[in-house]
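Below is one structure, written out as structure tokens, with a few remarks after it.
The values are calculated or read from the model by the stated rules, or taken from the named source; none is laboratory data. What you see is a predicted model, and the numbers here were worked out from it, not measured in a lab. Neighbour counts run over all protein chains shown; Cβ positions are idealised from the backbone, glycine included.
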Amino acid sequence: MIAKSSHNAEPGAVGRTTRPREHHFRGSLGRFATGVAIVTFDGATKRHGITVNSFTSVSMEPPLVLVSIARSTKAHDELAGRPFSVNILGAEQKQLALHFAGRPGPDPVWVEGATAPRLSHVLAYFECTPWAAYDGGDHTLYVGEVVDFNYRNGDALAFANSSFTTIPESQLGMEELL
């Protein structure tokens with residue numbers, strides 16, 4: 001079940017957003033560099049992958065993460081209530097990001113995770129069981145409880161200003177400080 005927002009929109013506000021304002025808002029959001037991830041899961045009839053850049057940690061105890069999935073995404077409705085994996089992409093995996101964003105390329109190599117399917121050789125992964133889902137306007141915010149995770153060394157794939165870029169490994173992590 002998706003929890004509804006308690007925010008009450010101004011009467012008549014729906015549909016008032018102008019295209020130029022929406023375009024400018026999207027451009028403003030694009031100035032924030034994000035990592036690139038693919039959410040993978042087994043649907044009712046087939047396996048799915050969705051490229052996302054809206055991913056964040058929510059809680060350390062219990063370990064929770066959140067992904068924001070557009071309602072317009074073909075697999076959106078099938079994700080509800082299903083275990084999923086969040087696959088963080090390495091800098092060399094741009095083609096994989098494009099594949100699951102609607103520009104098919106070579107078939108991905110899948111790994112049968114204990115909880116949900118994931119992709120081979122990703123920079124990091126988080127296998128999750130469903131925790132909650134919240135209404136987020138034209139998106140749904142899916143929160144998952146992390147039941148398995150791991151990472152490897154390497155540069156990260158990032159996205160900013162409508163372009164892919166690289167975050168060097170030297171800028172990642174702080175494990176040696178802990």
Check your understanding: Regarding HIS48, is this residue farther than 19 Å from ALA116 by Cβ and either of a type outside the set (A, V, I, L, M, F, W, C) or part of a strand (DSSP E or B) (or both)?
Key -> no
Revision key, fill the gap. Residue pairs within 7 Å by beta carbon, gap of at least six or interchain, first lying in region 105-120 and over 21 Å from GLU92 (Cα atoms) and modelled with pLDDT of 95 or more, second surrounded by fewer than 10 Cβ atoms within 10 Å (Cβ to Cβ) and of a type in the set (Ser, Thr, Tyr), listed first then second, are none
Check your understanding: What is the number of the single condition among (1) among the hydroxyl-bearing types (Ser, Thr, Tyr); (2) at pLDDT below 95; (3) surrounded by 15 or more Cβ atoms within 10 Å (Cβ to Cβ) that THR56 does not meet?
Key -> (3)
